[in-house]
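In what follows, a structure is listed as structure tokens, so that the remarks can point back to it.
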Amino acid sequence: MRVLIAEDQALLREGLGMLFENAGHQVVALLADAEDIPAVVDAERPDLVILDIRMPPTFTDEGVRAARTIKTDHPETAVLVLSQHIETTHAVSLVALGGFGYLLKDRVLEVDEFLATAERVAAGGSALDPEVVASLVTPSGAGPLSRLTGREREVLELMAQGQTNAAIAARLVITERTVEAHVGRIMAKLDITDATGHRRVLAVLKYLREAEAASG
């Protein structure tokens with residue numbers, strides 16, 4: 001896998017580079033700001049771009065704008081955005097594109113899981129940080145989310161993170177058949193139809209985005 005890393009913190013930037021190289025991947029560039037990202041992506045055509053959501057010069061939304069540009073100009077290029085804080089608006093709108101992930105920087109410390117997530121995103125999957133998903137699926141008021149049981153919300157959170165039924169079963173220590181039953185009930189309660197495979201995750205994320213907009 002060919003990886004481009006854009007992060008203004010030198011220690012994290014170099015650390016990520018070593019992390020991917022030690023895992024057998026090729027780091028094609030290490031950038032300290034967002035200005036050169038489009039040109040380097042055009043030239044190097046990486047499989048995955050990892051970037052900070054806030055970068056120089058203004059430290060506001062440079063990373064988000066760069067991510068949108070990459071997914072528009074090179075939809076086959078995967079993007080994994082790292083953030084210090086939860087910012088659900090950008091996360092949910094971009095992750096529905098596929099080949100996109102949004103993680104809090106603390107996840108980098110969980111090396112094996114972080115690399116597995118990066119590889120899943122590079123393969124065209126989606127990933128949302130567990131804390132971001134939890135903030136979105138916490139029921140408020142009498143909406144559809146409030147009809148979910150505690151276990152169903154756990155399953156929904158893992159679904160929205162991009163986990164497969166097998167991964168959800170392993171995480172919750174239940175059978176895949178039980179997961180399938182939970183998924184069926186979740187879909188029915190959220191009025192989501194025709195949601196299988198990756199479309200299942202996108203359907204859930206679409207619902208969460210609409211729920212977030214309605215609550216805002």
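What the table shows:
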| read-out | value |
| --- | --- |
| Single condition ALA39 does not satisfy, out of (1) surrounded by fewer than 18 Cβ atoms within 10 Å (Cβ to Cβ); (2) touching a residue at least 40 places away in the same chain (Cβ under 8 Å) | (2) |
| Criterion (among the charged types (D, E, K, R) and in contact with a strand residue (DSSP E or B) (Cβ under 8 Å, 6 or more places away or on another chain)) met by exactly one of ASP112, ASP33, ASP73 | ASP33 |
| Whichever residue in region 47-105 is of a type in the set (Val, Ile, Thr), assigned to a helix (DSSP H, G or I) and surrounded by 16 or more Cβ atoms within 10 Å (Cβ to Cβ) and, among such residues, is farthest from the chain's Cα centre (by Cα) | ILE70 |
| Selection count where residues are part of a loop (DSSP other than H, G, I, E, B) and at pLDDT 95 or above, scope region 8-39 | 3 |
| Cβ-Cβ under 6 Å pairs, at least 6 apart or on other chains, region 144-165 side under 19 Å from LEU103 (Cβ atoms), far side in a loop (DSSP other than H, G, I, E, B) | GLY162/GLY125 |
| Restricting region 184-207 to residues that are more than 20 Å from the chain's Cα centre (by Cα) and crowded, with 19+ Cβ neighbours inside 10 Å, the residue that is modelled with the highest pLDDT | ILE186 |
| Residues located in region 16-35, provided they are buried (at least 18 other Cβ atoms within 10 Å of the Cβ) and under 20 Å from LEU109 (Cα atoms) | LEU16, GLY17, LEU19, PHE20, HIS25, VAL27 |
| Residue match in region 66-74 (condition: among the acidic types (Asp, Glu) and free of Cβ contacts under 8 Å to residues at least 40 places away in the same chain) | yes |
| Where a residue in region 10-25 is farther than 16 Å from VAL81 by Cα and its partner, wherever it lies, is in a helix (DSSP H, G or I), with Cβ under 6 Å and at least six apart | ALA23/LEU115 |
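Residue by residue, here is whether (1) crowded, with 16+ Cβ neighbours inside 10 Å; (2) aromatic (Phe, Trp, Tyr); (3) modelled with pLDDT under 85; (4) in the same structural domain as LEU97 (by TED's automatic domain parsing) holds:
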{"site": "SER140", "(1), (2), (3), (4)": "no, no, yes, no"}
{"site": "ALA160", "(1), (2), (3), (4)": "yes, no, yes, no"}
{"site": "GLN163", "(1), (2), (3), (4)": "yes, no, yes, no"}
{"site": "ALA169", "(1), (2), (3), (4)": "yes, no, no, no"}
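The values are calculated or read from the model by the stated rules, or taken from the named source; none is laboratory data. Quick caveat, the model's predicted, so the values are computed rather than measured. For neighbour counting, all protein chains shown are included, and Cβ atoms are generated from backbone atoms with ideal geometry for every residue, glycine included.
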